[in-house]
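The values are calculated or read from the model by the stated rules, or taken from the named source; none is laboratory data. Everything numeric in this text was worked out from a predicted model, so none of it was measured. In this analysis, Cβ positions are derived from the backbone assuming ideal geometry, glycine residues included, and neighbour counts consider all displayed protein chains. Note: accessible area is taken over every heavy atom of the protein model, side chains too, but ligands, DNA and RNA are not part of it. Shrake-Rupley method; radii C 1.70, N 1.55, O 1.52, S 1.80 Å.
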Amino acid sequence: MHSLYRVALLPGDGVGPEVLNEAVKVLKAVESVNGVTFRFLTGLIGGSAIEATATPLPAETVAICNNSQAILLGAVGGPKWDSNRPEARPEQGLLQIRRRLGLYVNLRPIKVLDSLANLSAIKPALVKGTDLVIVRELLGGIYFGNPRGIFAKNGERMGVNTEIYKEHEVERIAHRAFQLARNRKRKLTSVDKANVLETSRLWREVVTRVGASYPDVALSHLYIDNCAMQLIEKPSSFDVILTSNMFGDILSDEAAMVAGSIGLLPSASLGERAALYEPIHGSAPDIAGRNKANPIAAILSAALMLRYSFHQEAAASTIETAVEKVMKQGFHTSEISGRGRAISTSRMGTLVAERTERLLKSQANARRKKAK
Ligand code: IPM
Ligand code: MG
């Protein structure tokens, strides 16, 4: 059976285009053996969209996304636009597309392979066995609450942001996290700041209530500061971490250092229908255009797309295995210190694509032999 998948590519800014190229390279390797075809449509987002159209999320990009079954995004942002007014910042492109498509679930898996535990910023013995997923609420909280702005009062300016969580917003993300935990180690840690914030008190109450429908999942609650500490102290003790938009943003960068590099971690943003896949890292303007960025987060994001949007589990896990094998051989990009010589973005992409193709071919051969 041959399947055709429509994928929107939003390369964005900085290293975004470079890393996305490598993800596409790997998807083409899947295409060459697996009887699937990807139809890619490319759209502008972020700073590059501001340059071309004066808006970070042009209508044409929204149309491309609406006509696609999944979206692969590189990264947005850069110093060039840092002084833009808030609605004309590159990040708005990303926040708006999340909003438009109703992507309220953000999954950020962090898995430390024993053989790669030495990459971690933390002692290998502490990180070994780490296999956790951060479930970040993506459409609420302080990112979107009103009022917001910089206002003048009594001759002084003040910055205002508002954290809001409605019950239904907590409920729906909690259900998704419990369902995920059910298919994993059945352990859910909900992270908040209920000792200080009302939003967190409501969060804790709703998560506890939802948890009653999942008696097979062990629920516990941690304050964000304590969780930040335990993530370094005993990362392998976590399974599913459920948290708010901003806490999830921060914890996932921290968790990246448990794995060894922010260049390694993919993410999936899901709603009821649409889905967007992107590295958790930013646009890294300092190394943009230099063929230095780590494409693995983008490549693994493509694998998540195959898994969640297209139900191509075999292809998804084959890409993950290919990444693992290439890294085990000692190949790494320059932000990771380690054995062997650092290789370029495109070289890393080629190695993973070739490995993926070889693995898929041998799986196909094995199936053919068995069928005979
Ligand atoms: C992330 C990023 C974004 C976020 C930025 C670029 C708006 O940091 O996806 O983690 O804060 O959500
Ligand atoms: Mg972030």
(message) Among 149, 244, 196, which residue has its Cα furthest toward the positive end of the charge dipole of the chain, with +1 on Lys/Arg Cβ and -1 on Asp/Glu Cβ?
(response) 244
(message) Suppose we keep just the alpha-carbon trace of segment 92-150; what are its Rg and Dmax in angstrom?
(response) 17.1, 49
(request) May I ask which residue of 177, 300, 133 lies farthest towards the positive end of the charge dipole of the chain, with charges of +1 (Lys, Arg) and -1 (Asp, Glu) on Cβ and the Cα centre as origin? (result) 300
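So which trypsin sites (Lys or Arg not before Pro) in segment 257-319 pass both tests, a DSSP loop state and at most 11 other Cβ atoms within 10 Å of the Cβ? Present the calculation step by step, with values, prior to reporting the outcome.
Working: sites: 273, 290, 292, 307; in loops: 273, 290, 292.
Filter output for segment 257-319: 273.
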(message) Between residue 236 and residue 131, what is the label-point separation in nm under the 7 Å Cα-to-beta-carbon projection?
(response) 1.2
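Taking the Cα centre of segment 59-138 as the origin, how large is its charge dipole in debye, to the nearest 20, when only Lys and Arg (+1) and Asp and Glu (-1) carry charge on their Cβ atoms?
Values: 11 positive and 7 negative charges, 25 e Å.
Rounded to the nearest 20 debye, it is 120 debye.
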(request) Run the quick spin-label model on residue 82 and residue 148: label points 7 Å from Cα toward the beta carbon, then report their separation in nm to one decimal. (result) 2.0
(message) Between 150, 299, 110, where does the largest GNM mean-square fluctuation fall for the chain, given springs only between Cα atoms within less than 10 Å?
(response) 150
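Placing +1 at every Lys and Arg Cβ and -1 at every Asp and Glu Cβ, with all other atoms neutral, what dipole size does segment 106-265 have around its Cα centre, in debye to the nearest 20?
On the way: 21 positive and 18 negative charges, 54 e Å.
About 260 debye.
Evaluate segment 106-265: find the radius of gyration of its Cα atoms, find its Kirkwood radius, and give the ratio Rg to Rh. Display every interim value, and only then the final one.
Values: Rg = 17.0 Å, Rh = 16.5 Å.
Ratio of gyration radius to Kirkwood radius: 1.03.
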(request) Please list the equivalent ellipsoid semi-axes of segment 165-230, computed as the square roots of five times the alpha-carbon gyration tensor eigenvalues, in descending order and whole angstrom. (result) 19, 15, 9
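Just the number please: accessible area per residue for segment 106-265, 1.4 Å probe, all protein chains included, in Å².
Details: 7380 Å² over 160 residues.
With all protein chains present, segment 106-265 gives 46 Å² per residue.
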(request) Work out, step by step, the length gained on full extension between residue 371 and residue 115: first 0.36 nm times the residue separation, then minus their alpha carbon distance; give nm to one decimal. (result) 88.7 nm
(message) Around residue 347, under 14 Å between beta carbons, what's the net of Lys plus Arg minus Asp minus Glu among the other residues?
(response) +2
(request) Using the Kyte-Doolittle scale, find the helices of the chain whose mean hydropathy is at least -1.0 and whose Cα atoms extend 20 Å or more along the helix's long axis, counting only whole DSSP H runs. (result) 16-34, 167-182, 245-259, 313-328
(request) Measure off 7 Å from each Cα along the Cα-to-Cβ vector at residue 179 and residue 291, then give the distance between these two points in nanometres to one decimal. (result) 4.4
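When the helix-only estimate is applied to the chain (DSSP H runs of n ≥ 4, each -39,500 (n - 2.57), divided by the residue count), what is the mean residue ellipticity at 222 nm, nearest 500 deg cm²/dmol?
Details: 12 runs with 160 residues, N = 372.
Here the helix-only value at 222 nm equals -13500 deg cm²/dmol.
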(message) Over 19 Å apart: what share of the alpha carbon pairs of segment 179-338 falls there, rounded to a whole percent?
(response) 64
(message) Could you compute how fast the chain diffuses translationally, taking Rh as the Kirkwood radius over C-alpha pairs and applying Stokes-Einstein at 37 °C with viscosity 0.692 mPa s? Give it in µm² per second.
(response) 154
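Longer than 22 Å from Cα to Cα, which of 25/292; 80/153; 123/234; 123/193; 187/234 are they? Say none if no pair is.
Details: 25/292 17 Å; 80/153 30 Å; 123/234 11 Å; 123/193 28 Å; 187/234 15 Å.
Pairs exceeding 22 Å: 80/153; 123/193.
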(request) Determine, from the Cβ-Cβ distance of residue 195 and residue 67 and an R0 of 45 Å, the FRET efficiency 1/(1 + (r/R0)^6), rounded to the nearest 0.05. (result) 0.45
(message) To check my understanding: the extent here is largest minus smallest coordinate of the Cα atoms along each principal axis. What are those three numbers for segment 61-192, in Å, largest first?
(response) 56, 36, 32
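Out of all Cα-Cα pairs in segment 23-135, roughly what percent, to the nearest whole number, are more than 17 Å apart?
On the way: 4288 of 6328 pairs.
More than 17 Å apart: 68 percent of the Cα pairs in segment 23-135.
Mind putting a number on the dipole of the chain about its Cα centre? Charges go on the C-beta only, +1 for Lys and Arg and -1 for Asp and Glu, and I need it in Debye to the nearest 20. Could you put the intermediate results ahead of the total?
Values: 48 positive and 36 negative charges, 302 e Å.
Result for the chain is approximately 1440 debye, rounded to the nearest 20.
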